[in-house]
Amino acid sequence: MQRKRVGHCECPIARCVDQIGDWWSILILRDALEGVTRFDAFQKSLEIAPTILTRRLKGLVDDGLLEKRRYSEHPPRDEYVLTDKGRDFQPVLFALLAWGSKHFSPEGASVVIKDMRNDTIADPALIDRNTGRDLSDPDFRLVCAPSASQDFREKMERHARTKAAAQSAATARSSKAARKPSGSR
């Protein structure tokens, strides 16, 4: 079954998912950020079928995250090198690593980010560059930018109303449960 493409959507998150939304592409980018450039090295690292790897590499090249460069004419061999767009994926990958270590590694982190300049382990966080505040603060929300179309604005407003109604209902349930006398059902 062909996966649905969402790159035409106005939402930047949907556009990103359209580019790198399958696990193989993310893992290929992970390996590329660690210096892997050759087909056989990707295949060995990922234990991926050659046909799948070929398709994913082509997609990442077509989407401008990797650049295909010939390193041997006889026999013809290519390597896959990160573009600026591909290198810009590193903070996203670090955020995924931190989130995965926190929520999916009960045994503890198996991979950490190390600052090689001072030999310390990094603690990644997404912050607002303007204020230095952590973006996980609930005061940060997704809102439309000036370039958003009217249709997209209406869609975002519907999402905001739905979220507000759900939060209001949750608050009411919590409040009702707090008022319920102990021992009653």
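The values are calculated or read from the model by the stated rules, or taken from the named source; none is laboratory data. Quick caveat: nothing in here was measured; it's all calculated off a predicted structure. All Cβ positions, glycine included, derive from the backbone under ideal geometry; neighbour counts span all protein chains shown. These area figures cover heavy atoms from the full protein model, side chains too; ligands, DNA and RNA do not enter into them. Shrake-Rupley method; radii C 1.70, N 1.55, O 1.52, S 1.80 Å.
May I ask you to say which residue of D151, D123 is open to solvent by 60 Å² or more (accessible area, probe 1.4 Å) and not in a loop (DSSP other than H, G, I, E, B)?
Details: D123 fails: not in a loop (DSSP other than H, G, I, E, B).
Going through D151, D123 in turn, the sole match is D151.
Tell me the helices (runs of 4 or more DSSP H) entirely within region 1-99 that contain at least 2 residues that are surrounded by 16 or more Cβ atoms within 10 Å (Cβ to Cβ) and touching a residue at least 24 places away in the same chain (Cβ under 8 Å).
Numbers: elements: 12-20, 23-33, 39-46, 50-62, 84-87.
The qualifying helices (runs of 4 or more DSSP H) are 12-20, 23-33, 39-46, 50-62.
Out of R133, R117, R77, R69, I need the residue that is touching a Phe, Trp or Tyr at 6+ places or on another chain (Cβ under 6 Å) and farther than 20 Å from E10 by Cβ. Which one?
Values: R133 fails: touching a Phe, Trp or Tyr at 6+ places or on another chain (Cβ under 6 Å); R117 fails: touching a Phe, Trp or Tyr at 6+ places or on another chain (Cβ under 6 Å); R69 fails: touching a Phe, Trp or Tyr at 6+ places or on another chain (Cβ under 6 Å).
Result: R77 is the single residue among R133, R117, R77, R69 that is touching a Phe, Trp or Tyr at 6+ places or on another chain (Cβ under 6 Å) and farther than 20 Å from E10 by Cβ.
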